[in-house]
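Take a look at the structure below.
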Amino acid sequence: MNNRAMEYDFLGIGFGPSNVALAIAMEEHAASHGTRAQFAFIERKPSFVWHGGMLLEDADMQISFMKDLVTLRNPRSAYSFISYLHAKGRLESFINLKTFFPSRLEFNDYLSWVAGHFEDRCYYGEEVVEILPDHGTGTDDAVRRLLVRSRDAEGRLHERFARNLVIGVGGEPLVPEAFEGQRDARIVHSSRYLEHLAANPGLQPRRIAVIGGGQSAAEVYMDLIQRFGDASVSLIMRGGALKPSDDSPFVNEIFNPGFTDYIYWQPDERRRRMLDEFRNTNYSVVDVDLIERIYHMLYLQRVRGHARHALLASRDIERVMPSADGIECLLRDREEGGAERHVYDLVIVATGYRRDAYQRMLAPLGTLLPEDGFGVDRRYRLRTCESCEARIFLQGACEDSHGLSDTLLSVLSIRSQEIVEALHDRMLPALDAVPHARQAMAEAVPMSQ
Ligand SMILES: Cc1cc2nc3c(=O)[nH]c(=O)nc-3n(C[C@H](O)[C@H](O)[C@H](O)COP(=O)(O)OP(=O)(O)OC[C@H]3O[C@@H](n4cnc5c(N)ncnc54)[C@H](O)[C@@H]3O)c2cc1C
């Protein structure tokens, strides 16, 4: 072990929007409270980019710019979207756009601009591979700090100690069972979509499939149709139709940061029911404008009498067999039961993300983690055994306990403040244990109820 490894008050793993918001909250807390914590972030990408594989030219944000990294917490922050526009000399022009929903390209530029202010706080190009317990200089069993091991692009191992960790590593590609273990360059997850095209400039696929029925699948489908004029593109989905995402105002209240308390304090069964009820705000749904564009495009095909592109709904993918001729997919109609065989030159799998990568990272902590599984308290602190004095916080992996906003941008500004306060021990850790406080929170209904 490297004895000269640095020790930090906290290390953030991943430097996506969640941990960038935390960096700002730390800086603003330090300025207002005169605190000075030693902290840094470790990010596997060589520089900041927000879902670079899906930065499509004509994709817009699905959230108001006012839910940027700071505004709901501190509207006077120097890191707001409006401050960014002002710094870039585009504030007046943006106003003339008359929109709350900037393009994803612009929001990525905003996030990169903020991240740039914290360049000296982030070790880019290092992937955290494991986290180990460390007793420090103590002689008892207490784990006072954690050893964070990361690997850079040249394969060199780096080690740092942290008394607190904030893990914000986002999602990892999730693929249907038939695609698991397939290692064929012609099968690409949507998270790498633009990178794949950039790495293969001569690509001219004629038969393309997009798998999935959500926003990313629909966006990639239309992008491929526009990009490859000679290709025929099929959208293959399990659902019976493309369904619209519900972003109407009453429903949207579930993304208010204040709703987090409400859902967190519900009994487990009721919380699960609420998560199910509102899944159509975020999963397997598409912006209604895009649905209408797709419908229009398919309708015009019928007018022309030439059905080049297809939408294959209610289909399961039973088998995937790569061969020299292409990627053969065996589809089963979920309603009628019939089977179809199609061969594609390129398959884009846009079936979402899983958010359990932190569990693999933390596996070396073994018995320090409770036997009954991973769980966090209201302030996002992972439950560990008492002998673990080092604290671990999770950002973006707490949907089951903290609600559907947890993986999105809506709560980042407030959540980062809650974690900063917990890091400074200014929270009320006993709140979870006080029954009447629990009851009061569960009864604090949102405006519309
Ligand atoms: C295409 C797309 C569009 C979206 N649009 C919206 C939207 O309009 N509105 C909205 O609210 N939400 C949107 N989302 C949801 C999205 O999850 C959030 O916007 C946001 O990215 C969450 O930030 P994060 O920091 O938690 O995770 P991420 O943005 O995923 O960042 C995690 C970071 O951790 C790094 N990392 C992962 N593993 C390691 C490791 N082992 N070591 C070091 N670094 C690691 C990753 O490289 C990444 O930079 C969108 C998601 C996608 C995929």
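Going by the structure shown, is S401 away from the ligand (no atom under 14 Å from the Cβ), assigned to a helix (DSSP H, G or I), among the hydroxyl-bearing types (S, T, Y) and at pLDDT 90 or above?
Taking the combined requirement at face value, the residue satisfies it.
Going through G181, G170 one at a time, which residue ends up being more than 15 Å from the ligand (Cβ to nearest atom) and on the phi > 0 side of the Ramachandran plot?
G181
Give me the residue from the range 135-157 that is part of a strand (DSSP E or B) and touching a residue at least 40 places away in the same chain (Cβ under 8 Å) and, out of that set, nearest to the ligand (Cβ to nearest atom).
S150
Has the range 73-87 got any residue that is touching a helix residue (DSSP H, G or I) at 6+ places or on another chain (Cβ under 6 Å), within 10 Å of the ligand (Cβ to nearest atom) and open to solvent by less than 30 Å² (accessible area, probe 1.4 Å)?
Looking through the range 73-87, none of the residues is touching a helix residue (DSSP H, G or I) at 6+ places or on another chain (Cβ under 6 Å), within 10 Å of the ligand (Cβ to nearest atom) and open to solvent by less than 30 Å² (accessible area, probe 1.4 Å).
Do any residues in the range 177-197 that are outside the structural domain of M54 (by TED's automatic domain parsing) and farther than 13 Å from Y344 by Cβ have Cβ atoms under 8 Å from those of residues that are modelled with pLDDT under 95 and surrounded by 14 or more Cβ atoms within 10 Å (Cβ to Cβ), where the two are at least six apart or on different chains, and which pairs are they?
Filtered contacts from the range 177-197: no entries.
Please enumerate the residues belonging to the range 88-109 that are surrounded by 13 or more Cβ atoms within 10 Å (Cβ to Cβ) and closer than 22 Å to P257 by Cβ.
F101, P102, F107 - these are the residues of the range 88-109 that are surrounded by 13 or more Cβ atoms within 10 Å (Cβ to Cβ) and closer than 22 Å to P257 by Cβ.
How about the range 295-325: which of its residues are touching a His at 6+ places or on another chain (Cβ under 9 Å) and not in a helix (DSSP H, G or I)?
L312
Being open to solvent by less than 40 Å² (accessible area, probe 1.4 Å), within 7 Å of the ligand (Cβ to nearest atom) and within 13 Å of Y123 (Cα to Cα) is the filter here, so list the residues in the range 21-62 that pass it.
Result: I42, E43.
Inside the range 237-261, can you point out the residues that are in contact (Cβ under 8 Å) with a residue 60 or more places away in the chain and out of contact with any Gly (no Cβ under 8 Å at 6 or more places or on another chain)?
Of everything in the range 237-261, those that are in contact (Cβ under 8 Å) with a residue 60 or more places away in the chain and out of contact with any Gly (no Cβ under 8 Å at 6 or more places or on another chain) turn out to be G240, A241, S245, D247, F250, E253, F255, N256, P257, G258, D261.
Can you go through P249, P205, P257 and tell me which one is surrounded by fewer than 16 Cβ atoms within 10 Å (Cβ to Cβ) and more than 12 Å from the ligand (Cβ to nearest atom)?
P249
Given the options V220, V166, name the one that is within 29 Å of R360 (Cα to Cα), within 20 Å of the chain's Cα centre (by Cα) and of a type outside the set (D, E).
V166
Test A350 against the stated conditions and say whether it is surrounded by 14 or more Cβ atoms within 10 Å (Cβ to Cβ) and either out of contact with any strand residue (DSSP E or B) (no Cβ under 8 Å at 6 or more places or on another chain) or in contact (Cβ under 8 Å) with a residue 40 or more places away in the chain (or both).
Yes, satisfied.
For the range 320-338, which residues satisfy the criterion of being loosely packed, with under 13 Cβ neighbours inside 10 Å and not polar (S, T, N, Q)? First the steps, then the outcome.
Taking the range 320-338 as the starting set, the residues that turn out to be loosely packed, with under 13 Cβ neighbours inside 10 Å are 323-325, 335-338.
Hits for the range 320-338 are A324, D325, E335, E336, G337, G338.
Based on this model, can you work out whether L69 counts as on the phi < 0 side of the Ramachandran plot, out of contact with any helix residue (DSSP H, G or I) (no Cβ under 6 Å at 6 or more places or on another chain) and either open to solvent by 60 Å² or more (accessible area, probe 1.4 Å) or more than 9 Å from the ligand (Cβ to nearest atom) (or both)? Lay out the reasoning, then the answer.
Numbers: on the phi < 0 side of the Ramachandran plot: yes; out of contact with any helix residue (DSSP H, G or I) (no Cβ under 6 Å at 6 or more places or on another chain): no; either open to solvent by 60 Å² or more (accessible area, probe 1.4 Å) or more than 9 Å from the ligand (Cβ to nearest atom) (or both): yes.
For L69, the condition - on the phi < 0 side of the Ramachandran plot, out of contact with any helix residue (DSSP H, G or I) (no Cβ under 6 Å at 6 or more places or on another chain) and either open to solvent by 60 Å² or more (accessible area, probe 1.4 Å) or more than 9 Å from the ligand (Cβ to nearest atom) (or both) - is not met.
The values are calculated or read from the model by the stated rules, or taken from the named source; none is laboratory data. Note that the coordinates shown come from a computational prediction; the quantities given were computed from them, not determined experimentally. As a convention, Cβ positions derive from the backbone with ideal geometry for all residues, glycine included, and neighbour counts pool all protein chains shown. Side chains included, ligands, DNA and RNA excluded: accessible areas come from the protein's heavy atoms. Shrake-Rupley method; radii C 1.70, N 1.55, O 1.52, S 1.80 Å.
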